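Dropping the structure in here first, questions after.
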Amino acid sequence: MTRLTLRLAVGLLAALVVLSASPALGAQSEGVDGAVDLDAMVELYNANLGDAPGIAKGELAGKTVELRVGSGSTVATSSTGTVYHFTTNDEGEITDYGDAAGDSPNVRVLTSEAAMDRILASEDPAAAFDAAYENGDITVSGVTLTDSIRIELVKFGVWLGKLFGVL
């Protein structure tokens with residue numbers, strides 16, 4: 001789980017993606033029509049927040065993440081795709097969310113339905129997320145200059161950790 005949650009620091013949204021990919025949430029987060037149950041996803045995320053390392057909680061604390069999911073294998077752009085938002089309090093707990101753009105997001109995560117499906121169906125969600133991220137099927141960026149710098153520094157830290165075998 002540590003490697004998985006460290007990837008969250010890179011993705012910031014990945015916390016939501018990865019926790020939604022856990023077997024427990026995989027079964028709980030889909031409604032009868034196959035749609036994602038955001039209430040169940042957020043409930044499980046908040047219940048497991050204590051298991052995330054400080055860096056992941058710190059990067060998520062007090063932030064609004066905008067998730068855009070493109071149709072099929074098409075990765076969404078900053079203005080296309082189905083949009084969701086997740087806002088956290090100072091402890092990193094999700095306090096507001098929905099299936100629309102949030103107010104003043106700090107982080108934008110772009111992906112595709114196909115990438116999400118691969119992560120959700122994988123026996124190793126951490127590896128599936130890592131592969132999707134490395135292949136460009138998931139991109140993470142800051143919305144403002146300050147957020148962009150912060151996110152790029154986290155990405156660089158993870159890259160260094162991988163280079164030296166820490167991650």
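Please work out which one of (1) loosely packed, with under 13 Cβ neighbours inside 10 Å; (2) under 23 Å from Val42 (Cα atoms) is the condition Leu160 fails and give its number.
(2)
Of everything in segment 77-121, what is over 22 Å from Asp147 (Cα atoms), part of a strand (DSSP E or B) and touching a residue at least 24 places away in the same chain (Cβ under 8 Å)? Give them in sequence order.
Scanning segment 77-121 gives a single hit, Ser112.
Identify all residues within segment 137-155 that are modelled with pLDDT of 90 or more and within 10 Å of Thr111 (Cβ to Cβ); write none if there are none.
Asp137, Ile138, Thr139, listed by residue number.
Next question. May I ask you to verify whether Thr111 is surrounded by 15 or more Cβ atoms within 10 Å (Cβ to Cβ) and not aliphatic (A, V, I, L, M)? Before you say what the answer is, go through the steps one by one.
Details: surrounded by 15 or more Cβ atoms within 10 Å (Cβ to Cβ): yes; not aliphatic (A, V, I, L, M): yes.
In short, yes.
Can you say whether Asp90 is at pLDDT below 90, among the acidic types (Asp, Glu) and exposed (fewer than 14 other Cβ atoms within 10 Å of the Cβ), as far as the supplied structure shows?
Against the criterion (at pLDDT below 90, among the acidic types (Asp, Glu) and exposed (fewer than 14 other Cβ atoms within 10 Å of the Cβ)), Asp90 does not qualify.
As an exercise: evaluate Phe129 against (1) of a type in the set (A, V, I, L, M, F, W, C); (2) in contact (Cβ under 8 Å) with a residue 60 or more places away in the chain; (3) crowded, with 21+ Cβ neighbours inside 10 Å; (4) farther than 20 Å from Leu60 by Cα and give the number of the one condition it does not meet.
(4)
Might you let me know whether segment 130-142 holds any residue that is polar (S, T, N, Q) and within 15 Å of the chain's Cα centre (by Cα)?
Here is the first cut: in segment 130-142, the residues polar (S, T, N, Q) are 135, 139, 141.
Now restrict to residues that are within 15 Å of the chain's Cα centre (by Cα): 139, 141.
Scanning segment 130-142 turns up at least one residue that is polar (S, T, N, Q) and within 15 Å of the chain's Cα centre (by Cα).
Could you run through segment 122-163 and say how many residues are more than 22 Å from Ala101 (Cβ to Cβ), part of a helix (DSSP H, G or I) and not hydrophobic (A, V, I, L, M, F, W, C)?
So in segment 122-163, the residues more than 22 Å from Ala101 (Cβ to Cβ) come out as 122-136, 149, 152-163.
From what is left, the residues that are part of a helix (DSSP H, G or I) are 125-134, 149, 152-163.
From the residues that got through so far, the ones that are not hydrophobic (A, V, I, L, M, F, W, C) too are 125, 130, 133-134, 152, 155, 157, 161-162.
Qualifying residue count for the region: 9.
With the structure loaded, tell me whether Gly98 is out of contact with any Ser or Thr (no Cβ under 9 Å at 6 or more places or on another chain) and within 20 Å of Val42 (Cβ to Cβ) or whether it fails that test.
yes
Give just the number: which of (1) closer than 18 Å to Leu60 by Cβ; (2) surrounded by 13 or more Cβ atoms within 10 Å (Cβ to Cβ) does Ala76 not satisfy?
Ala76 satisfies all of (1) closer than 18 Å to Leu60 by Cβ; (2) surrounded by 13 or more Cβ atoms within 10 Å (Cβ to Cβ) except (1).
The values are calculated or read from the model by the stated rules, or taken from the named source; none is laboratory data. The shown structure was predicted, so the numbers you read here are calculated from the model rather than taken from an experiment. Heads up, the Cβs are rebuilt from the backbone with ideal geometry, glycines too, and the neighbour counts pull from every protein chain shown.
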